[in-house]
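The values are calculated or read from the model by the stated rules, or taken from the named source; none is laboratory data. Keep in mind that what you see is a predicted model, and the values were worked out from it rather than measured. Because the Cβ atoms are built from the backbone with ideal geometry, glycine has one as well, and the counts that use them run over all protein chains shown. The protein model used for the area step is the full one, side chains on, heavy atoms only, and it has no ligands, DNA or RNA in it. Shrake-Rupley method; radii C 1.70, N 1.55, O 1.52, S 1.80 Å.
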Amino acid sequence: MPRSGWVKPTSDRRLSDVVSVGLLTKVFPASLVDEVIAECGRTEQRGRTLTARVTAYFSIGMALNSEGSYEDIFEQLTDGLSWSSGWSHTWSTPTKSAIFQARSRLGDEPIQALFRRVARPLADADTPGSWLAGRRIVALDGTCLDLPDTPANAEHFGRPASSRGEQSAFPQARLVAVAECGTHAVLDAAIGPCRTSERELSHELIDRLDSGMLLLADRGIYGFDMWTRAAATGADLLWRVKSTLSPRHLETLDDGSWLARIVPTSGKERQQRTPLTVRVIDYTLDDGRDNPEQYRLLTTILDPSAAPAQELALAYAQRWEIENTFDELKTHQRGPRAVLRSKSPPLVRQEIWGHLCCHYAIRTLMRDAATAGRHDPDRMSFVAALRITRRSLSHSSFSPS
C-alpha cells in the first residue's frame with residue numbers, strides 16, 4: 001500500500017463520511033462532533049482530507065491503541081471502509097507530520113467540550129453500589145500522568161519531587177475527576193500542572209455538582225470554604241476529615257453519630273462566618289492490626305433515620321471505586337508505566353480528554369451489557385470490554401451523511 005500521499009478516489013465522498021470508529025460513534029455521534037467543533041471555532045475554512053471530525057475521532061482512538069504509532073491508529077480508524085460503496089482507489093495513511101498538524105489545528109477545547117456534552121451518570125435505579133438513601137454515590141479524587149520530557153511540558157506542567165528530593169524523570173499532569181461509584185463512569189474532570197494541588201483543581205468540579213448526588217472525598221479535600229461551596233450545590237457530602245479536626249459537639253444521636261458545628265480554622269474574617277451544622281461519624285476498621293486506623297467522617301445528611309451511621313461508613317468504602325477507575329485508565333487503557341505521547345501542553349490536554357472520552361465509551365458499553373445480563377458493572381472485566389472496543393474500532397463502518 002502506498003504511504004507517501006493520498007490517492008484521490010473516484011467517489012466524491014470524503015473520508016470523514018465513512019471513517020470506521022465503531023462504538024465511538026454510538027457514544028459520540030458525528031453530528032455532535034461537528035456541532036462541538038463548530039462551537040469551538042475549529043471548522044475548516046477549506047476542504048481537507050484530515051478534517052476536524054476525523055481528527056477528533058483520532059484523538060479518542062489514540063486511547064484505544066496507546067502503544068501504536070500514529071499510522072497504526074489511523075489504519076485502525078479506516079480499516080472498515082466499504083469497498084462495495086464505490087471506492088476504486090487505495091487510500092494511503094497520512095504521514096505522522098500531517099496527523100500532528102491536524103491535531104494541532106484541532107487543539108484540546110473540542111475534545112474537552114465533547115466529553116462535557118456527553119458524560120452523564122450511567123447507573124439506573126437497580127445498579128448495585130450506586131445509591132444510598134436515594135442519592136447517587138459519586139467520588140472525587142486525583143491522580144498524575146507521566147508526560148514526554150520536553151521543555152514545553154516541563155515548563156508548563158512541572159515535575160514532582162522524588163523521594164530523594166530530586167526531580168522526577170518525567171513532567172506530570174494532574175487529573176482530578178468525579179466518578180460514579182457504581183459504574184466507574186467519569187462524569188467531570190479538571191487537568192492542570194502537577195504543582196497545582198488536588199484541592200485547587202477541585203474547585204471548578206465542586207461548582208458543577210448536582211442535587212441528588214452524595215459526594216465522597218478523602219481528607220485532602222476538606223476545607224470550610226470547599227465544604228460550603230459543595231453543599232450550596234444541593235448535593236449531599238460524605239467526606240473524611242483529619243481526626244484532629246474537632247467540631248463543636250451539639251448532640252449525640254441514637255446511632256452513635258453526633259451533630260456538631262464547624263467553623264473556618266483560618267482567614268482574617270473567620271469570626272464573622274456563619275457556622276455550619278454537620279453530622280460526625282467516628283469509627284475504626286477491625287483489620288487485625290494492633291493500632292487500627294481511626295476514621296472521622298462529616299456528612300450533610302443530618303437525620304440518622306435517612307442514613308444510619310453504619311450505612312454511611314460502608315458507603316464511604318465506595319470511594320475506592322474511583323481508584324479502580326484511575327487504574328483502568330492508567331494501567332489497562334494507557335498501558336502500565338506508559339508515558340503519554342504528546343510533546344506540547346495543548347496536545348497533552350487533548351490526549352487526556354481523549355482518554356476520558358474513550359473510557360466513558362467503554363463504560364457505556366459495560367453498562368449496557370450489564371443491564372442486558374442483569375449483572376453488576378463492577379463485576380465485569382474492563383480488559384475484556386477494552387478488547388471488544390478495539391475490535392469494534394477496526395471492523396465496522398458508518399455513514400453519518
Point to revise | In Å², nearest 10: area of H156 left accessible to a 1.4 Å probe | key: 80
Check your understanding: Using the scaling law 2.2 N^0.38 Å as the reference, what is the normalised Cα Rg of segment 201-348?
Key -> 1.24
Study note, to complete from the structure: Projected onto the charge dipole of the chain (unit charges on the beta-carbon of Lys, Arg, Asp and Glu, signs +1, +1, -1, -1), the Cα from Y316, L201, T274 with the largest positive-side position is that of L201
Exercise for review: Give, rounded to the nearest 20 debye, the magnitude of the charge dipole that segment 27-71 has about its Cα centre when Lys and Arg contribute +1 at Cβ and Asp and Glu contribute -1 at Cβ.
Suggested key: 160
Review point. Of G354, I99, I221, which is farthest on the positive side of the dipole of the chain, counting Cα position, with +1 on Lys and Arg Cβ, -1 on Asp and Glu Cβ, and the Cα centre as origin?
Key: I99
Check your understanding: On average, how much accessible surface per residue is there in the chain, in Å², for a 1.4 Å probe, leaving out ligands, DNA and RNA?
Key -> 47
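Restricting things to alpha carbons, find the Rg to Rh ratio for segment 101-248 using the Kirkwood radius for Rh. Write out the running numbers ahead of the final one.
Details: Rg = 17.6 Å, Rh = 17.2 Å.
When Rh is taken as the Kirkwood radius, the ratio is 1.02.
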Check your understanding: For the chain, modelled as a Gaussian network with Cα springs under 10 Å, which listed residue fluctuates most, R387, R219, R273?
Key -> R273
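Run the dipole for the chain about the Cα centre, Lys and Arg Cβ at +1, Asp and Glu Cβ at -1, nothing else charged, and hand back the magnitude in debye, nearest 20. Spell out each step's value before the answer.
Values: 49 positive and 49 negative charges, 250 e Å.
Using Cβ point charges on Lys, Arg, Asp and Glu, the chain gives about 1200 debye.
Find the percent of Cα-Cα distances in segment 194-278 that exceed 23 Å, and round it to a whole number.
Tail of P(r) above 23 Å: 26 percent of Cα pairs.
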**Study point:** Size descriptor, Kirkwood hydrodynamic radius, that averages inverse alpha-carbon separations across the chain, Å
**Key:** 23.1
Study note, to complete from the structure: To the nearest 10 degrees, the tilt of helix 96-106 (Cα long axis) against the first principal axis of the alpha carbons of the chain is 50
Practice item. Would you work out which of G212, A177, L253 lies farthest towards the positive end of the dipole of the chain, given +1 charges on the beta-carbon of Lys and Arg and -1 on that of Asp and Glu, about the Cα centre? Key: A177
